[in-house]
Amino acid sequence: MIAFKEFQLANGLQVIVHEDPSVQIAVLNILYDVGSRDERPEKTGFAHLFEHLMFGGSVNIPNYDEPLQRVGGENNAFTSTDITNYYLTVPAANIETGFWLESDRMLSLSFDPQVLEVQRKVVVEEFKQRYLNQPYGDVWLKLRPLAYKKHPYQWATIGKEISHIEEATMEDVRSFFSEHYVPNKAILVVAGNVTLEQVKQLSEKWFGPIPRRP
């Protein structure tokens, strides 16, 4: 059994801590309660598009990867029907860099039109490569609506139609972010060579000032 402790910030962010002094690394994982099930039928694929956009920089940090790599860190993310998950690993002494990076993009994503266009092209190519340009690649796109008549599981995480991503506007993107990327719809997990008090202090410092939203 993995021992853990948890607490919640005033803005609704839930924090879970697992202390393991036997290692020299620390991991920071932030899970947002948003997946493809939360999309509108006429605007699908947005949760997955946002997974890409979140690495496009924030207002204060133009390049997410560069400061993380400077402190020996690495990161990745994934999207499913129910959640979007971001995680990073750093030497334990540099865990505050992870708090800084994740809190800044939760608070103030860049919304740079150029970033949207770049990531839109990446997602469109992924859609073509994985689903449209290989034999039987679109089988799940066709089977899902047969299995789920009304439930939003009827479309894949990549989206129902490629045109939904191609036609996504900056207004669509801003609206999706303000509704779902909020502290009261997120769970932060910190594990490794950290202490509960250390994580409490860093969580309050970096995430505490971010306001909860409806």
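The values are calculated or read from the model by the stated rules, or taken from the named source; none is laboratory data. Keep in mind the model is a prediction, meaning the values are calculated, not measured. Quick reminder, even Gly has a Cβ in these numbers, built from the backbone with ideal geometry, and neighbours come from all protein chains shown. Note: accessible area is taken over every heavy atom of the protein model, side chains too, but ligands, DNA and RNA are not part of it. Shrake-Rupley method; radii C 1.70, N 1.55, O 1.52, S 1.80 Å.
Being more than 24 Å from Asp33 (Cα to Cα), without any contact (Cβ under 8 Å) to a residue 12 or more places away in the chain, open to solvent by 20 Å² or more (accessible area, probe 1.4 Å) and aliphatic (A, V, I, L, M), is that true of even one residue in segment 109-122?
no
Would you mention how many residues in segment 23-41 are touching a residue at least 24 places away in the same chain (Cβ under 8 Å), over 19 Å from Gly73 (Cα atoms) and open to solvent by 50 Å² or more (accessible area, probe 1.4 Å)?
First, the residues of segment 23-41 that are touching a residue at least 24 places away in the same chain (Cβ under 8 Å): 23-39, 41.
Retained after the next criterion (residues that are over 19 Å from Gly73 (Cα atoms)): 32-39, 41.
Checking the rest, the ones that are also open to solvent by 50 Å² or more (accessible area, probe 1.4 Å) come to 33, 37-38, 41.
Within segment 23-41, residues that are touching a residue at least 24 places away in the same chain (Cβ under 8 Å), over 19 Å from Gly73 (Cα atoms) and open to solvent by 50 Å² or more (accessible area, probe 1.4 Å) number 4.
Yes or no: Arg130 under 14 Å from Lys43 (Cα atoms) and open to solvent by 60 Å² or more (accessible area, probe 1.4 Å)? Explain how you work it out, then say what you get.
Numbers: under 14 Å from Lys43 (Cα atoms): no; open to solvent by 60 Å² or more (accessible area, probe 1.4 Å): yes.
Taking the combined requirement at face value, the residue does not satisfy it.
Hey, can you tell me all the residues within segment 161-176 that are over 15 Å from Glu125 (Cβ atoms), free of Cβ contacts under 8 Å to residues at least 24 places away in the same chain and in a helix (DSSP H, G or I)?
Answer for segment 161-176, where residues must be over 15 Å from Glu125 (Cβ atoms), free of Cβ contacts under 8 Å to residues at least 24 places away in the same chain and in a helix (DSSP H, G or I): Glu171, Ser175.
Quick check on segment 46-74: of everything there that is of a type in the set (Val, Ile, Thr) and in contact with a helix residue (DSSP H, G or I) (Cβ under 6 Å, 6 or more places away or on another chain), which residue is surrounded by the most Cβ atoms within 10 Å (Cβ to Cβ)? Write out each step before concluding.
Initially, segment 46-74 is screened for residues of a type in the set (Val, Ile, Thr), giving 59, 61, 71.
Retained after the next criterion (residues that are in contact with a helix residue (DSSP H, G or I) (Cβ under 6 Å, 6 or more places away or on another chain)): 61, 71.
On the way: Ile61: 17, Val71: 15.
So the residue we want is Ile61.
Just checking, how many residues over segment 181-203 are part of a helix (DSSP H, G or I) and either out of contact with any helix residue (DSSP H, G or I) (no Cβ under 9 Å at 6 or more places or on another chain) or over 30 Å from Ile25 (Cα atoms) (or both)? Steps first, please.
Going through segment 181-203, the residues part of a helix (DSSP H, G or I) turn out to be 183-185, 196-203.
Subsequent filtering for residues that are either out of contact with any helix residue (DSSP H, G or I) (no Cβ under 9 Å at 6 or more places or on another chain) or over 30 Å from Ile25 (Cα atoms) (or both) retains 184, 196-197, 200-201.
Here the count works out to 5.
Which one of Gln119, Gln114, Gln129 is assigned to a helix (DSSP H, G or I), under 19 Å from the mean Cα position of the chain (by Cα) and not acidic (Asp, Glu)? Quick ask: steps written out before the conclusion?
On the way: Gln114 fails: under 19 Å from the mean Cα position of the chain (by Cα); Gln129 fails: under 19 Å from the mean Cα position of the chain (by Cα).
Checking each option against the conditions leaves just Gln119.
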